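Novice: Handing you this structure, nothing more for now.
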Amino acid sequence: MELVTVSVAFAGVAIASLVAYQTVFLLLGLCVRNRRLTSPGTSPQSRFVVLVPAHNEAKLIGQSVASIVACDYPRDLFELIVIADNCGDDTAALARQAGANVFERHDLTQRGKPFALNWAISRLDLNRYDAVVIVDADTGIHRQFLRAMDARLANGEQAIQGYFGVANHDENWLTRLSVVPASVKFRLHFPGKRVLGLSCPLAGNGMCFSVDVIRRFGWRAFSITENWEYYVMLTLQGIVTTSAAEAIIYSQVARSLKLGETQRLRWMKGQIETLAQYWRPLLKQGLFEPSALKLDALTELARPSHVNLLFMTLAYLALCVVLWSFGLDVQTWLVLASVLLALQALYFLVGLALERPPLRTWLALANVPLYIAWKLGVSLRGLLTLSDRTWIKTDRN
C-alpha cells in the first residue's frame with residue numbers, strides 16, 4: 001500500500017507542476033493583458049514582403065490575397081507573393097487576378113510548405129525588405145495587421161506571432177469553442193511569458209520575421225510542423241519570439257471532429273518529432289549556460305496540451321476517489337486534485353470570458369466532455385502511428 005501512496009503522491013506533484021506552469025502565466029497575463037504596442041499617428045517604416053505558400057488553394061486564395069491587398073498600409077511598402085507550390089488547379093491565375101505576384105514552383109521530390117518557403121526566400125532580394133511575413137493561403141488578415149507588425153519591429157522585436165483568430169467561429173459548437181485556445185494563448189499565456197522574457201511558440205501562420213533573422217536562417221525547418229522546429233531553432237540561437245495580439249489573422253478551423261482529426265494528428269506528431277530531435281541541445285544549453293529561455297522551450301515542447309492535461313487531472317481525481325473509498329490515506333492528494341481541476345476550469349473560463357462571446361458560445365461548453373474524449377482518442381492514435389508522416393489537407397468552406 002505504501003508503494004501505491006508514493007505513486008499517487010508522485011503523480012500529484014507531476015500534474016501540479018504542469019498546472020502551476022500555465023497558472024503562473026494566467027496570472028501574469030491578466031496583469032499585463034491591456035498593454036499593447038500600437039502606432040497611432042506614426043508613419044509606417046517597415047518594408048514587408050508577404051509570402052503566401054499555396055498548394056491547390058483555388059477555393060480561398062482570392063479572398064486571402066484580397067484581404068492582404070486591402071491592408072491599411074502604404075502599398076509601396078509591401079509586396080505580396082503567392083508561392084503556387086505544385087498546383088494542379090487555378091491557384092496561380094486566381095492569385096494574379098486578385099493582385100498578387102506569383103512564384104510558380106514544380107518539384108515533386110521536395111513537396112510542401114517548408115520547401116516552398118525555402119525555395120521562395122532563396123529567390124528574394126532581401127535588401128529590398130525589412131521583414132518577411134508568412135500567411136497561409138486559407139487565411140485573411142485584419143486591416144491593421146501590417147501596422148501592428150511595423151510597431152513591433154520598431155520596438156526591436158525580431159520574430160513575432162500574430163493572433164490566430166477564427167474565421168468561421170459561429171458555424172457550430174466546435175468552431176465556437178475554437179476561440180478558447182487562441183484566447184488563452186494570445187491573451188494570457190503569451191503575454192505572461194513576455195513578462196519573464198520567454199519565447200512564444202510559433203503557430204506557422206501570421207508570422208513576421210525581421211530580415212536579419214531570415215538572412216541568418218532562411219527557412220531550414222522541414223518537419224511536418226515547421227513552426228515548432230523554427231521556434232526551437234531561433235530559441236537555441238537566443239532569439240526571443242514574441243506575440244502580438246493586435247496583429248490578427250482569420251483562418252477557418254475544422255468544422256467537425258472528423259475533419260479536425262488529421263490536422264491535430266499532424267500537430268501532435270510534429271511536436272513529438274521536434275522534441276525528439278531537439279531536447280538534448282535545449283536541455284544541455286539550458287542547464288549549462290544556464291538559460292531559462294531554452295529550458296522553457298523544452299517545457300513547451302514536452303508538456304501535454306491543455307485538454308490532455310485536463311483529462312489527466314480528471315483521471316487522477318477519479319483514482320484518488322477510488323483509493324479513498326477503499327480506505328487509503330490519500331485525502332491530501334484528493335484535495336490537490338480538486339484544486340488542480342478548479343484551476344484548469346478557471347483558466348479556460350477566463351480565456352473564454354476575455355472574448356466576450358455570445359450566449360450560444362457559453363452553451364457550447366456542454367460539449368466539452370465529448371471534445372475531451374475525442375481529443376484523448378486522437379492523442380492515443382497519434383502515439384500509435386508516430387511513424388506515419390502523411391500530410392492530409394484539411395477541407396475548407
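Just so it is clear, none of the values below were taken in a lab; they were calculated from the coordinates. Bear in mind the structure is a predicted one, so any value in this text is a computation, not a measurement. Don't worry about glycine lacking a Cβ; one is built from the backbone with ideal geometry, like all the others, and counts go over all protein chains shown.
Novice: Give me the extension gain from ASP125 to LEU384: residue separation times 0.36 nm, minus the current Cα-Cα distance, reported in nm with one decimal.
Specialist: 88.8 nm
Novice: Just to confirm my numbers, what's the Cα centroid distance between the stretch 317-333 and the stretch 352-388 in Å?
Specialist: One Cα centre to the other: 28 Å.
Novice: Just from its helices, what would the mean residue ellipticity at 222 nm be for the chain, if runs of 4 or more DSSP H residues each count -39500 (n - 2.57) and the sum is divided by every residue, rounded to the nearest 500 deg cm²/dmol?
Specialist: After summing the helix terms and dividing by residue count, I get -17000 deg cm²/dmol.
Novice: Could you work out how far the C-alpha centroid of the stretch 67-92 sits from that of the stretch 100-144, in angstrom?
Specialist: Centre-to-centre distance over Cα atoms comes out at 9 Å.
Novice: Continuing with the same structure: When a/c reaches 1.5 or more, the comparison of a/b and b/c decides; with that in mind, is the stretch 199-308 rounded, prolate or oblate per its Cα gyration tensor?
Specialist: oblate
Novice: Within the chain, how many Lys pairs sit with Cα atoms under 22 Å apart, leaving out pairs fewer than 8 places apart on the same chain?
Specialist: Here the count comes out as 19.
Novice: Mean separation of Cα pairs under 8 Å and 6+ residues apart, divided by the residue count of the chain: what relative contact order is that in percent?
Specialist: 20
Novice: How many angstrom separate the Cα center of the stretch 153-187 from the Cα center of the stretch 219-282?
Specialist: 14
Novice: For the chain, with a Gaussian network of springs between Cα atoms less than 10 Å apart, report the residue from THR241, THR91, THR385 with the top mean-square fluctuation.
Specialist: THR385
Novice: Of the listed peptides 318-326, 263-271, what is their order by residue-averaged count of other C-beta atoms within 10 Å, with the highest listed first?
Specialist: 263-271, 318-326
Novice: Still on this structure, I have one more. Give me the net charge for the shell around CYS208: Cβ to Cβ below 11 angstrom, other residues only, Lys and Arg +1, Asp and Glu -1.
Specialist: Neighbour charge sum, excluding CYS208 itself: -2.
Novice: Take LYS284, LYS375 and order them by how many other Cβ atoms sit within 10 Å, fewest up front.
Specialist: Result, fewest neighbours first: LYS284, LYS375.
Novice: In a Gaussian network model over the chain where Cα atoms closer than 10 Å are linked, find which of VAL368, VAL50, VAL166 has the largest mean-square fluctuation.
Specialist: VAL368
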